[in-house]
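For reference, the structure is listed below as structure tokens.
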Amino acid sequence: MNETSQPALDMASQNYYYSSQQTGIDNRFRERMIRRCLRYLKGPSVLELGFMDGQWTDHFLALGLQVTVVEGAARMAGFARTKYAGNRAVEVIHSLFEHFEPRKKYDTILMGGMLKHLPDPDALLRRAHSWLNHEGILIATTPNPRSLHRRIGTHMGILETPESLTEADRAVANLRHYDRYEFKYLLERNGYRVRELNTSMLRFVSGDKMQSWDDELLDALDTITNEISDYGWYIYAICEVSLS
């Protein structure tokens, strides 16, 4: 199985994460996607593969769930350990996903925006079957390369194609992008039944140009993706292990 490079992962964690854009407008966008997923959560145990700043984790804890965080980047694992020091509801494990061996099963597994980083996402998805309790769910998310703002960027000549990897993608170690159809196929070919797959947030321009936009407008831009799903910023999928 191909492995993530630890040095490359640690280097990538120095870019974007904890920047004003990540903790500002992008988290405001992401919050709306998280809210869409929360109604599907099953507990009491959650496995969170990949950690940024605790935005998902805080929601899990507010619902009284027990969270195991697995994070490969030393910087981000350290941030998680500091943030949740003394909180017995959170366990933080510094490990590459390829090396992780769970000691128990979970009711919900979150793969938040991390499949695009992995050399072999299929292998992890297949291994995760045995990590879920009966009727447990997988929540998987990924940026949508066919989002409106990337299409606009392509017509402006900023991108060669909507799926092109940008310098920003390479800085955070993105290896690929999935559109809605590719993401669904990735999940289904690895033994999952997709209960819901949709997008969240309509973006016209880069996030830094939307920092001052108010919440009412952002709510409307999130809601409208129900009508034009191909153009939303972020894809989320709610899945179960297929019995077939």
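Which of (1) over 15 Å from the mean Cα position of the chain (by Cα); (2) buried (at least 17 other Cβ atoms within 10 Å of the Cβ) does H117 not meet, given it meets every other one?
All conditions are met except number (1).
Evaluate the following for L138: is it more than 26 Å from A171 (Cβ to Cβ), crowded, with 22+ Cβ neighbours inside 10 Å, modelled with pLDDT of 95 or more and not hydroxyl-bearing (S, T, Y)?
Working: more than 26 Å from A171 (Cβ to Cβ): yes; crowded, with 22+ Cβ neighbours inside 10 Å: yes; modelled with pLDDT of 95 or more: yes; not hydroxyl-bearing (S, T, Y): yes.
Criteria met by L138.
Can you confirm whether region 82-92 contains a residue that is within 18 Å of the chain's Cα centre (by Cα) and in contact (Cβ under 8 Å) with a residue 24 or more places away in the chain? Can you show your working first?
Start the filter on region 82-92 by keeping residues that are within 18 Å of the chain's Cα centre (by Cα), which leaves 92.
Among the residues that remain, those that are also in contact (Cβ under 8 Å) with a residue 24 or more places away in the chain are: 92.
Yes, region 82-92 contains a residue that is within 18 Å of the chain's Cα centre (by Cα) and in contact (Cβ under 8 Å) with a residue 24 or more places away in the chain.
So in region 214-234, with the set limited to residues that are outside any loop (DSSP other than H, G, I, E, B) and among the small types (G, A, S), which one is surrounded by the fewest Cβ atoms within 10 Å (Cβ to Cβ)? First the steps, then the outcome.
Just the residues of region 214-234 that are outside any loop (DSSP other than H, G, I, E, B), to begin with: 215-226, 229-231, 234.
Those still in the list that are among the small types (G, A, S) too: 220, 229.
On the way: A220: 10, S229: 14.
Ranking the candidates gives A220 first.
Might you check whether a residue that is within 21 Å of N27 (Cα to Cα) and modelled with pLDDT of 95 or more occurs anywhere in region 182-193? If you could, list the steps in order and put the result at the bottom.
Going through region 182-193, the residues within 21 Å of N27 (Cα to Cα) turn out to be none.
Looking for residues that are within 21 Å of N27 (Cα to Cα) and modelled with pLDDT of 95 or more, one finds none in region 182-193, hence no.
Scan region 70-127 residue by residue and report those that are closer than 18 Å to E188 by Cα and of a type in the set (S, T, Y).
T108
When S200 is evaluated against the numbered criteria (1) under 20 Å from the mean Cα position of the chain (by Cα); (2) within 17 Å of D122 (Cα to Cα); (3) among the polar types (S, T, N, Q), which criterion, by number, is the only one it fails?
Result: S200 passes all but (2).
Yes or no: region 209-218 includes at least one residue that is touching a Ser or Thr at 6+ places or on another chain (Cβ under 7 Å), in contact (Cβ under 8 Å) with a residue 12 or more places away in the chain and not hydrophobic (A, V, I, L, M, F, W, C).
Of region 209-218, the ones touching a Ser or Thr at 6+ places or on another chain (Cβ under 7 Å) are none.
Within region 209-218 (the criterion being touching a Ser or Thr at 6+ places or on another chain (Cβ under 7 Å), in contact (Cβ under 8 Å) with a residue 12 or more places away in the chain and not hydrophobic (A, V, I, L, M, F, W, C)), the answer is no, since none of the residues qualifies.
Restrict the check to region 180-200 and report whether at least one residue is touching a strand residue (DSSP E or B) at 6+ places or on another chain (Cβ under 6 Å), among the acidic types (D, E) and surrounded by fewer than 17 Cβ atoms within 10 Å (Cβ to Cβ).
Within region 180-200, one or more residues are touching a strand residue (DSSP E or B) at 6+ places or on another chain (Cβ under 6 Å), among the acidic types (D, E) and surrounded by fewer than 17 Cβ atoms within 10 Å (Cβ to Cβ).
Those residues that are of a type in the set (D, E, K, R) and surrounded by fewer than 18 Cβ atoms within 10 Å (Cβ to Cβ), I need them from region 83-109; list them, please.
Start the filter on region 83-109 by keeping residues that are of a type in the set (D, E, K, R), which leaves 83, 88, 91, 98, 101, 103-105, 107.
Within region 83-109, K83, R88, E91, E98, E101, R103, K104, K105 meet the criteria.
Counting just the residues of region 120-166 that are among the β-branched types (V, I, T) and over 16 Å from the mean Cα position of the chain (by Cα), which one comes out nearest to E101 (Cα to Cα)? Let's see the steps before the verdict.
Residues of region 120-166 among the β-branched types (V, I, T): 137, 139, 141-142, 152, 154, 158, 161, 166.
From the residues that got through so far, the ones that are over 16 Å from the mean Cα position of the chain (by Cα) too are 152, 154, 158, 161, 166.
On the way: I152: 43, T154: 42, I158: 42, T161: 38, T166: 33 Å.
Once the filter is applied, the top-ranked residue is T166.
The values are calculated or read from the model by the stated rules, or taken from the named source; none is laboratory data. The structure displayed is predicted, hence computed values, not measured ones. Every residue, glycine as well, gets a Cβ built from its backbone with ideal geometry; the counts of neighbours run over all protein chains shown.
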